[in-house]
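Each remark here refers to the structure printed beneath this line.
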């Protein structure tokens, strides 16, 4: 009995706060704060990382690309996870907003994955002497990129948005299987790529002086990407809810 | 609907359409025959390069075999009819994939391991190859069916783009399997891994595919 | 036979991409009743049939059905394979083992067509074969989408007579058609 | 914060010959991120004007 009441309350809560309208107004309020604070953090981290950290013993100064590459590849995967989770929310609870969100994450994710790949390739030239290697980590990031492209083109090829949303959700959940493979691939298969610099469970493999700016860069970059996702989701809401009254009033 | 009826239906549909099952097998044999002709080198290099060619041609043949696998039933209204009259799409999809594997996957696997001897590898490696080919053709079929169901009415370009990322990890495993067979190390580990993958996706994917098809019918 | 509720539509509405196709449709169908859904092209007749059949989800409202309701259905697509022979097609529909099949085939003038590839038959003949399932399968509810398209007058009469008989025997019938038919039914206008 | 890693501006630009790569990557990031902000903003403007 209590459980049923709880479920009803939660459902009400979700439908109240997950309405595109509420989301839209809330997001508009936090957007400028988020943008400027994360921009400040990111720029500080980059300046710190590029000019004030000591140079790496083995890789020389080229290691400074880490401050761009690592946050980007981390975000590329996290965005995919976020997209799958919100797809799952859409399929289970039929929350429209979740579908908008997962659709709007896809182009951002594709961009970030692309620049992660490119920066990785450029980093590879001075350190490994090759810009591309068919090793597991790089290949799986490429897979991630193709996955994003596939999702976007799948959604774009249907005129009926409801159908497109559902198919998108199914594909992104199935593609989620890729994420653990990407995460673990470095450990499973011997490769050129170094193991992850930072893990939650173990002591970081790099020096503290290099680590702090890296953490800062990650936080700042996440904030920036969150801003991009917000913008992208606003595009989706404008596109999909354009017949609704509240949005006409808003504009 | 009873399983036996579904089986009968899928058998009629596949067998009476000769090009649907004979075509892929013939293409496979053609690749296997044509490939040694294009390699004008010693027998040894032929044997070395055989496995990648074999796996890729298996992949391509399975892609051919699943081309428009649900499209026909979708367009003539059979799926709609099945759903409204209370049939199970899960069962129909499961059996459809199984029947396709029996009539395309099994012959291709057998021919593949026969051609393996022809390429200069040992008969023992052929015996090792056969079960892994049987399993991997089934996995390929399921994955291509998934891609095809998503891009049901939108053609094979989209389907391929969607399926490719799912296939690449599978190809990596097959690449590792090649070394395992060549040097006979940890072969059964990989075989068990393949069986594990198959046993999971064999039952889950038809359910997802049937959900996707229902979405298309809406 | 006493009246029992077969299917009930409650305030159905359907929209594609936020544009409304129809809204506020309610009706109930008992057995021994027939319902003729009318409407202009694009008014959502087929969609309504598909919603009743349980394929499409209505955007609002819901459909309640009798428990274990069996449905016999023919959409505007025939669900036949043009590359198979007529016999194989009937096999696919599990009609070939039925006792009535020979009788019906000779009534429809199709006995000598059994081994002909379906694609070589005319549109009307194909439609007759597709309709065989309606004549043979026993079901609580018969759902038909444009059953009279492509049929000659004689066949139209046979079909109407059969459907009338079925309704009298206790089935429910819902069909769409843009022509007046010989079926005794309540009319329901979508426009 | 540690000390400055480079003695002069030209040192910081060249970075022992690795400067090309580091600055190329930073340029790519700058362009990609600002371009995506710009694209999304212009899309929002477009849809807004459509609704009006």
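Would you kindly calculate the translational diffusion coefficient of chain D, applying Stokes-Einstein with the Kirkwood radius from alpha carbon pairs, for 37 °C and a viscosity of 0.692 mPa s, and quote it in µm² s⁻¹ without decimals?
Estimated via Stokes-Einstein, D reaches 234 µm²/s.
How large is the translational diffusion coefficient of the protein assembly as shown in µm² per second when you combine the Kirkwood radius over alpha carbon pairs with Stokes-Einstein at 4 °C and 1.567 mPa s?
Once the numbers are plugged in, D ends up at 44 µm²/s.
Extension gain residue A:3-residue A:211, at 0.36 nm per residue separation less the Cα-Cα distance, in nm?
Length difference between fully extended and current span is 70.3 nm.
With the contact rule set at Cα under 8 Å and sequence spacing of 6 or more, what percent relative contact order holds for chain C?
Relative contact order of chain C: 32 percent.
Using just the helices of the protein assembly as shown, give the 222 nm mean residue ellipticity in deg cm²/dmol: DSSP H runs with n ≥ 4 each add -39,500 (n - 2.57), and the total is spread over all residues, rounded to 500.
-22000 deg cm²/dmol
Taking neighbour Cβ counts within 10 Å as the exposure measure, how do C:87, A:137, B:19 sort from fewest upward?
Fewest-to-most ranking of C:87, A:137, B:19: B:19, C:87, A:137.
Sort A:118, A:251 by Cβ crowding within 10 Å, fewest neighbours at the top.
Listed from fewest to most nearby Cβ atoms, that is A:251, A:118.
Looking at the protein assembly as shown, send over the antiparallel percent of its DSSP beta bridges, to the nearest 5.
Percent antiparallel among DSSP bridges in the protein assembly as shown is about 45.
Please report the projected area of segment B:54-97's Cα convex hull averaged over all directions, in nm².
3.3
Just rank A:248, B:17, B:4, fewest to most, by other beta-carbon atoms within 10 angstrom.
Placing the least packed residue first, the sequence is B:4, A:248, B:17.
Take the Cα pairs of segment C:86-183, get the Kirkwood Rh, then feed it into Stokes-Einstein at 25 °C and 0.890 mPa s and tell me D in µm²/s.
174
For segment B:1-106, restrict the atom set to alpha-carbon positions and state the Rg and Dmax in Å.
For segment B:1-106, the Cα radius of gyration and maximum Cα-Cα distance read 18.0, 61 Å.
May I ask for the Kirkwood hydrodynamic radius of segment B:93-154, worked out over all distinct Cα pairs and given in angstroms to one decimal?
The Cα-based Kirkwood calculation yields 12.6 Å.
I need the Debye-formula profile for chain C: one equal scatterer per C-alpha, no solvent, reported as log10 I(q)/I(0) at q = 0.15 1/Å, two decimals.
With one equal scatterer per Cα and no solvent, log10 I(q)/I(0) is -0.93.
Give me the Å³ per residue figure for the convex hull around the C-alpha atoms of segment A:34-250.
Value for segment A:34-250: 130 Å³ per residue.
Between 0 and 90 degrees, rounded to the nearest ten: what's the tilt of helix B:18-38 against the longest Cα principal axis of chain B?
Compared with the principal axis, the helix lies near 20 degrees.
With no solvent and one point on each alpha carbon, what is the Debye value of log10 I(q)/I(0) for chain B at q = 0.14 Å⁻¹?
-0.86
Pop a pseudo-label 7 angstrom from the Cα along the beta-carbon direction at both residue A:131 and residue C:164 and give the gap in nm to one decimal.
Label-label distance for residue A:131 and residue C:164, simple model: 8.1 nm.
If r is the Cβ-Cβ distance from residue D:7 to residue A:52 and R0 is 22 Å, what FRET efficiency results, to the nearest 0.05?
Working from the Cβ atoms, E equals 0.95.
I need the calculated FRET efficiency for the pair residue B:5 and residue A:59, taking r as the beta carbon distance and R₀ as 60 Å, to the nearest 0.05.
Here the calculated transfer efficiency is 0.35.
Obtain the nm distance between the two label points defined at residue C:178 and residue D:34 by a simple spin-label model: each point lies 7 Å from its Cα along the Cα-to-C-beta direction.
If labels sit at residue C:178 and residue D:34, their model points lie 5.9 nm apart.
Give me the distance between the Cα centres of segment C:9-85 and chain D, rounded to whole Å.
Centre-to-centre distance over Cα atoms comes out at 55 Å.
Quick note: the coordinates plus some simple rules give every number you see, no bench work behind them. In this text the structure is predicted, and so the values were computed from the model without any measurement. Reconstructed Cβ throughout: ideal geometry from the backbone, glycine too, with neighbour counts over all protein chains shown.
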